[in-house]
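What follows is a set of notes on a single structure, which appears directly below.
The values are calculated or read from the model by the stated rules, or taken from the named source; none is laboratory data. Not measured: the values here are computed from a predicted model. Quick reminder, even Gly has a Cβ in these numbers, built from the backbone with ideal geometry, and neighbours come from all protein chains shown. Note: areas computed on protein heavy atoms with side chains; ligands, DNA, RNA excluded. Shrake-Rupley method; radii C 1.70, N 1.55, O 1.52, S 1.80 Å.
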Amino acid sequence: MAMQNAYALQWTLGSSCRAWRQWRHLSMQVAPPVSEALRARNAVVALESTIITHGMPYPQNLETAQKVEEIVRQQGAVPATVGVVDGRLHVGLSRAQMERLARRDRPSVKTSRRDLACVMAKGWDGGTTVSGTLVAAARAGIAVFVTGGVGGVHRGGQLTMDVSADVTDLGRSPVCCVCAGVKSILDVGRTLEALETQGVAVVTLGPSDRFPAFFTADSGHRSPHHVASCAEAAAVLHQHRQLQLESGLLLAVPIPDRHRAEGEQIEEAIQRAVQEANEQGVSGRDVTPFILSRVNQLTAGASLRANIGLVENNALHGARVAVELAELVRGSGGRGAVPEPATAAGASPLWSGGLPAEAADGSQLPAAGGPPPTVIGGSVIDFVVKVSEDKIKLDGSTHRGRIMQRYGGVARNVADALSRLGHRPHFLSAVGRDELGESLLTNNPHMDWRCVSRPDGRSTASYVLMVDAAGTVQFGVGDMDMHSLITPQLVERHQSALVASPLVVLDANTPAASQAAAARLCSSAGVPLWLEPTDVHKAGEAAAVLTAGPRPPLLYTSPNAVELRAILAALTDGERRDPERSPPPLLWRDGALAACQACRNASLRLLEHFYCVIVTMGTNGVMRGTPAVSCVHYPVTPVPHVVNESGAGDCFNGGFISGMLAGLDQDLCVWRGVQTAAQAVVAAGAVPGSLHVPDRISGATIQSTEMTGG
């Protein structure tokens, strides 16, 4: 029965992976310049596209969109215009895509949050509104979004309930929306009240606290807060994101002085256009385009010039805020760089990524992206003491040698590797507020440290390793009490991130109660879980914890050969053996594989408890076991001049998991893991700073032998 269940799980996973890969191709596409800027924690500014599809006539719409992007670039930020083309949501439209939307050769749908699924499923083109763009910006991790003006409560909205989706999405998207206030055709006072109800921080940029209304600098209402400069606005935004308030920030920028003289004329035209819209029965999403078009006619183009001027002004200030924010993020060790994915309860997150890499057969492979995985476990500072003398005397004498400080901890290494490969997981750990802890965070700004517990008065975990002149480890001393603070409460506090993850990675340094809490949450949410055994003493206990209570739908584990036996012993009552369950003798295709027979036998028995067992065996290669294919062995080419083996297994896991997140098959995932492990053993640190996987994959590179019974 256990094996039948395992086969069923394997079939389910295959179906899920196919659906996942298909969905990713249909969903959100992040352009390479935007993706690279986000990974490097550089400034990015999101821009909406209804200004292209519905806000202005051609060619002013295209010229304005391109000019706005250029203004953003001139300030040192990367523009990311959002739009839907052929049913795919793009974060960072190309020039050709922008021109297509601007010319309106085919109809474009005004696309807010409510319309995204329909527009994409039907393969249509769409210009994203403030609401739709906020969804994409939040999913991609973009902090600043620039638009003209936002929607709000329509006049008479207290009776008609006509309230723009912009208000609600500003309340649930952790993004700063830079705009010229709300459109003056709305009820500005009630809009400010609605924004307050949604928890949106409203801030006016400039010397005055008057809240602007698109074409005028003063709507007649005060802004709750105001800042005098872009640097001050960035500081507010940085604090807002560090607090993880999960709501947005509205930064209102008054229209430039050179366009204010036209304000009175435009306001009169607006009142007339509103009256005409009512008389003609214009309603819903058609109201704003009708009024803007009519106002442009009544003002002989003055409103269009003012509209363009205020959008360009917003882009200028929004880009400056984004650049200032990027500096603050780098200065704080990366904290507050990217918010947690903004997914409503029960909603399926959108998957994103850069342009796909090209496979050997010419097909396209999905790129990395989407909701990040979660990694739980230890963060450690390693001190390696290497004595250069031939003999070590433990008599109190001083020996010559080298002392090296490295950043370690199994979970930290895996999170580090995944971050460098573009996935930047949620990382749950515990780090002290001491000098070692500050060093750990400051020197690893590319990682997401927001979910890490920082207790006062506790020492960051550390490990001292004594190595002789021949490179042999003599002994080690570990101060690991900090790991006890990776508590079930810490795990449950970040439940929303964990259950939204495509995979949770757990190292065995995590206390047993916290392991059980993670397994319980993964089980209830249907999230796969990956156990990294950490060492031979902890491997069996962790495996027993994860297989005893509520079990995730798919369990992975990645032991080395020694840890594999420890797990097997823990799950089979020590050394007890059942001859009837032992696998038959093997007919090896390659005599060199004989060294792997014991690992193969143990792996097959563990498949009653785990969906996939991946055994790393050093120069003997890698073995992968799943119920459907038994065990497959992958040979490796030994790396000459090995410098450091401490992070090889963790980097292998990072490479393998990055392949899983990209929707690759398991052969290619193993290949990725081998490539990243080979980079790790020739680097001084556990995880090399230049860690990467090649863009092109050669099928001839992947060699394997299926280890079947004879």
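One table, with the values for the structure above:
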item: Subset tally (residues that are out of contact with any helix residue (DSSP H, G or I) (no Cβ under 7 Å at 6 or more places or on another chain) and open to solvent by less than 10 Å² (accessible area, probe 1.4 Å)) for the range 511-524; result: 1
item: Of the criteria (1) assigned to a strand (DSSP E or B); (2) open to solvent by less than 50 Å² (accessible area, probe 1.4 Å); (3) modelled with pLDDT of 90 or more, which one Ala217 fails; result: (3)
item: Candidate set: the range 120-156, residues that are surrounded by fewer than 22 Cβ atoms within 10 Å (Cβ to Cβ) and aliphatic (A, V, I, L, M); chosen: the one nearest to Val274 (Cα to Cα); result: Met120
item: Residue match in the range 165-180 (condition: outside any loop (DSSP other than H, G, I, E, B), among the β-branched types (Val, Ile, Thr) and modelled with pLDDT under 90); result: no
item: Residue within the range 107-115 that is out of contact with any helix residue (DSSP H, G or I) (no Cβ under 6 Å at 6 or more places or on another chain) and within 20 Å of Glu36 (Cα to Cα) present; result: no
item: Meets criteria (farther than 30 Å from Gly301 by Cβ, open to solvent by 60 Å² or more (accessible area, probe 1.4 Å) and modelled with pLDDT of 90 or more) for Glu232; result: yes
item: Residue, farthest from Glu312 (Cα to Cα), within the range 187-214, restricted to residues that are open to solvent by 60 Å² or more (accessible area, probe 1.4 Å) and touching a helix residue (DSSP H, G or I) at 6+ places or on another chain (Cβ under 9 Å); result: Thr197
item: Qualifying residue in the range 60-77 (condition: surrounded by fewer than 24 Cβ atoms within 10 Å (Cβ to Cβ) and part of a strand (DSSP E or B)); result: no
item: Selected residue (criterion: farthest from Ala411 (Cα to Cα)) from residues of the range 530-583 that are of a type in the set (S, T, N, Q) and modelled with pLDDT of 85 or more; result: Thr547
item: Those residues of the range 278-326 which are more than 27 Å from Asp115 (Cα to Cα) and open to solvent by 30 Å² or more (accessible area, probe 1.4 Å), in sequence order; result: Glu279, Asn296, Gln297, Leu298, Ala300, Arg305, Glu312, Leu316, His317, Arg320, Val323, Glu324
item: Any hit, the range 487-497, residues being within 20 Å of the chain's Cα centre (by Cα) and assigned to a loop (DSSP other than H, G, I, E, B); result: yes
item: Exclusive hit being at pLDDT 95 or above and open to solvent by less than 20 Å² (accessible area, probe 1.4 Å), set Val467, Val431, Val527; result: Val431
item: Filtered residues of the range 470-484 (kept if open to solvent by 40 Å² or more (accessible area, probe 1.4 Å) and either under 30 Å from the mean Cα position of the chain (by Cα) or more than 30 Å from Lys391 (Cβ to Cβ) (or both)); result: Met480, Asp481, Ser484
item: Check on Ala497, under 30 Å from His692 (Cβ atoms), open to solvent by less than 60 Å² (accessible area, probe 1.4 Å) and touching a strand residue (DSSP E or B) at 6+ places or on another chain (Cβ under 7 Å); result: yes
item: Subset of the range 455-486 (residues that are in a strand (DSSP E or B) and closer than 14 Å to Gly432 by Cβ); result: Ser462, Asp479
item: Residues of the range 428-449 satisfying the condition of being among the hydrophobic types (A, V, I, L, M, F, W, C) and farther than 14 Å from Val687 by Cα; result: Leu428, Ala430, Val431, Leu436, Leu441, Trp449
item: Positions within the range 181-207 being out of contact with any strand residue (DSSP E or B) (no Cβ under 6 Å at 6 or more places or on another chain) and assigned to a loop (DSSP other than H, G, I, E, B), in sequence order; result: Lys183, Ile185, Gln198, Gly199, Gly206, Pro207
item: Residue identified as surrounded by fewer than 16 Cβ atoms within 10 Å (Cβ to Cβ) and modelled with pLDDT of 85 or more among Val643, Val682; result: Val682
item: Unmet requirement for Glu246, which otherwise passes all of (1) within 18 Å of Pro212 (Cβ to Cβ); (2) in contact with a Lys or Arg (Cβ under 8 Å, 6 or more places away or on another chain); result: (1)
item: Tally, over the range 498-515, of residues that are assigned to a helix (DSSP H, G or I) and over 16 Å from Thr374 (Cβ atoms); result: 2
item: Residues (open to solvent by less than 30 Å² (accessible area, probe 1.4 Å) and not β-branched (Val, Ile, Thr)) located in the range 454-464; result: Pro455, Ala461, Ser462
item: Residue in the range 338-354 that is modelled with pLDDT of 85 or more and either under 18 Å from His446 (Cβ atoms) or surrounded by fewer than 20 Cβ atoms within 10 Å (Cβ to Cβ) (or both) present; result: no
item: Residue in the range 91-112 that is closer than 23 Å to Leu325 by Cα, of a type in the set (Gly, Ala, Ser) and touching a strand residue (DSSP E or B) at 6+ places or on another chain (Cβ under 8 Å) present; result: yes
item: Filter result for the condition that a residue is surrounded by fewer than 21 Cβ atoms within 10 Å (Cβ to Cβ) and in contact (Cβ under 8 Å) with a residue 40 or more places away in the chain, over Arg103, Arg95; result: Arg103
item: Filter result (within 18 Å of Gly649 (Cβ to Cβ), β-branched (Val, Ile, Thr) and in a strand (DSSP E or B)) within the range 381-439; result: Val384
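Conditions tested, residue by residue: (1) under 18 Å from Thr147 (Cβ atoms); (2) at pLDDT below 85; (3) open to solvent by 90 Å² or more (accessible area, probe 1.4 Å); (4) in contact with a strand residue (DSSP E or B) (Cβ under 7 Å, 6 or more places away or on another chain).
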{"residue": "Gln244", "(1), (2), (3), (4)": "no, no, no, no"}
{"residue": "Val253", "(1), (2), (3), (4)": "yes, no, no, yes"}
{"residue": "Glu268", "(1), (2), (3), (4)": "no, yes, yes, no"}
{"residue": "Glu276", "(1), (2), (3), (4)": "no, no, no, no"}
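Each row is one residue, and each column tells you yes or no for (1) crowded, with 17+ Cβ neighbours inside 10 Å; (2) modelled with pLDDT of 95 or more; (3) closer than 18 Å to Met660 by Cα.
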| position | (1), (2), (3) |
| --- | --- |
| Glu358 | no, no, yes |
| Gly369 | yes, no, yes |
| Val375 | yes, yes, yes |
| Lys391 | no, no, no |
| Asp395 | no, no, no |
| Arg400 | no, no, no |
| Arg412 | yes, yes, no |
| Ala415 | yes, yes, yes |
| His423 | yes, no, yes |
